[in-house]
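The values are calculated or read from the model by the stated rules, or taken from the named source; none is laboratory data. On a predicted model such as this, the values are computed, not experimentally measured, just so you know. Don't worry about glycine lacking a Cβ; one is built from the backbone with ideal geometry, like all the others, and counts go over all protein chains shown. Note: areas computed on protein heavy atoms with side chains; ligands, DNA, RNA excluded. Shrake-Rupley method; radii C 1.70, N 1.55, O 1.52, S 1.80 Å.
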Amino acid sequence: MVNPAAHGADSEVGRLRTVLLHRPGPELQRLTPRNNDRLLFDGIPWVARAQEEHDAFAEALRSHDVEVLYLTELLTEALEVSAARAAVIDTTLTGPSGRDLGDPVREHLRAMFRAATPEELTHLLTAGVRNDEVRSGLASGTLVTSLLSDDTFLVDPLPNLLFTRDSSFWLPDRVAVTSLAMPARRRETQLTELIYHYHPRFAGTERLHGHHLEHVEGGDVLLLAPGVIAVGVGERTTPAGAERLARQVFRAGLATTVLAVPIAQERATMHLDTVCTMVDVDKVVMYPNVADHLTAYAVTAREPGSTVIDVAPPEPFLVAAAKAMQIDTLHLIDTGLDPVTAEREQWDDGNNTLALAPRLAVAYERNDGTNARLEEEGIEVIRIAGSELGSGRGGPRCMSCPVARDPLG
């Protein structure tokens, strides 16, 4: 068992010690041209190549002394606990995702899940269950299985598990389990919360927020400095979610300022980290087309530990962030790209870097212009391939949930 005190983060750039990843698996093989849009993928990835790319990503992290945890391995180990199995079966089959199953199909799936080994149950929960995979096992016919096509999913696959950043994020002494906005992703946080609740590695770890609360997604949360958190508000994280999170961290004494940052409600800018990430204690890389008009509302507690908040008028993001961080300037690394190239590289996650330490970051190799400018500014760039991994619109930061970083504070 690992001491819970060994987990946590107070910044984006403290030396990364432990990270949670999800290696692409059979859930990606469930994507088709008819369901990829609903499941939030822009194309059908070549799974074997995506796995090769992800393995290289994980190895790049290990080569820099980062411990790599895998989500499905933790889930399988958590499912050894009978209470965890009962909880996940119930939430999968009786929650919103199971509303249209009907009683006979629901009970058949319940029996199937109960009979499965932990490894088999992990597969069923992540790769999903198709109609043709249960029809022959039913004792009698049902309208549900008769009218649905063979390839209709009774339990959807979860291809976006690849992006472990979104379903949880770590604070200095606890983990925040998020609430994902898109229906295709909502079960992800249920699985993540189950891991943190039942896996022995995380025994005693306090949890914040939860999948049942207002929408907050980890890709919208940047730990700018100890006690300073930026939260993007746009397509995924709602104003109510950002406010709930602010009140929680103020009450727990985990932050002095939360910056609410409005972002465009578009696919290309679904999260704050698609347009801005930190690469040093006082440096960010930002999509040039938003740099001049990104703003922030500084939210503070009226007094320490209070949930009564004050909201300041909006200011330019870089100004508000520097004030909250108590530094003279939060430096913007200007990529110097023309508008078209900048838009291309932003779409290809050029701004979605993962800092392993101050001035050391992982980035997709294809974003030549952005990577060159980072290096000119003294940032060492670890380039990884992402031609297939990027089909779900996520880069190295999206694909990683830092579980432990060395503290800056």
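Out of the residues in the stretch 58-79 meeting the condition of being in a helix (DSSP H, G or I), in contact (Cβ under 8 Å) with a residue 12 or more places away in the chain and not hydrophobic (A, V, I, L, M, F, W, C), tell me which one is most open to solvent (accessible area, probe 1.4 Å).
E77
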Check your understanding: Only one of (1) open to solvent by 10 Å² or more (accessible area, probe 1.4 Å); (2) of a type outside the set (G, A, S); (3) within 18 Å of I89 (Cβ to Cβ) is not met by R165, so which one is it?
Key -> (3)
Revision key, fill the gap. Selection over the stretch 358-371 where residues are modelled with pLDDT of 95 or more and open to solvent by 10 Å² or more (accessible area, probe 1.4 Å) yields a count of 3
Point to revise | Close pairs (6 angstrom Cβ cut-off, 6 or more residues apart or separate chains): open to solvent by 40 Å² or more (accessible area, probe 1.4 Å) in the stretch 189-201, at pLDDT 95 or above and part of a loop (DSSP other than H, G, I, E, B) anywhere | key: Y198/V81
Practice item. Scan the stretch 29-52 for residues that are crowded, with 17+ Cβ neighbours inside 10 Å, in contact with a Ser or Thr (Cβ under 9 Å, 6 or more places away or on another chain) and either assigned to a helix (DSSP H, G or I) or among the small types (G, A, S) (or both) and jot them down. Key: A50
Check your understanding: Going through the stretch 372-388 one residue at a time, which ones are surrounded by fewer than 21 Cβ atoms within 10 Å (Cβ to Cβ) and assigned to a helix (DSSP H, G or I)?
Key -> A372, R373, E375, E376
Practice item. Could you look through the stretch 115-138, keep only residues that are without any contact (Cβ under 8 Å) to a residue 24 or more places away in the chain and not in a helix (DSSP H, G or I), and pick out the one that is least open to solvent (accessible area, probe 1.4 Å)? Key: A116
Exercise for review: Sort out which residues of the stretch 69-108 are under 19 Å from A184 (Cβ atoms) and of a type outside the set (S, T, Y), and write them in order of number.
Suggested key: L71, L75, V88, L93, G95, P96, G98, R99, D100, L101
Practice item. Could you please find all residues in the stretch 204-216 being in contact with a Pro (Cβ under 7 Å, 6 or more places away or on another chain) and open to solvent by 30 Å² or more (accessible area, probe 1.4 Å)? Key: G204
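So which of V144, V105 is β-branched (V, I, T), at pLDDT below 95, open to solvent by less than 10 Å² (accessible area, probe 1.4 Å) and farther than 27 Å from V403 by Cα?
Numbers: V144 fails: open to solvent by less than 10 Å² (accessible area, probe 1.4 Å).
One residue alone meets the criteria, V105.
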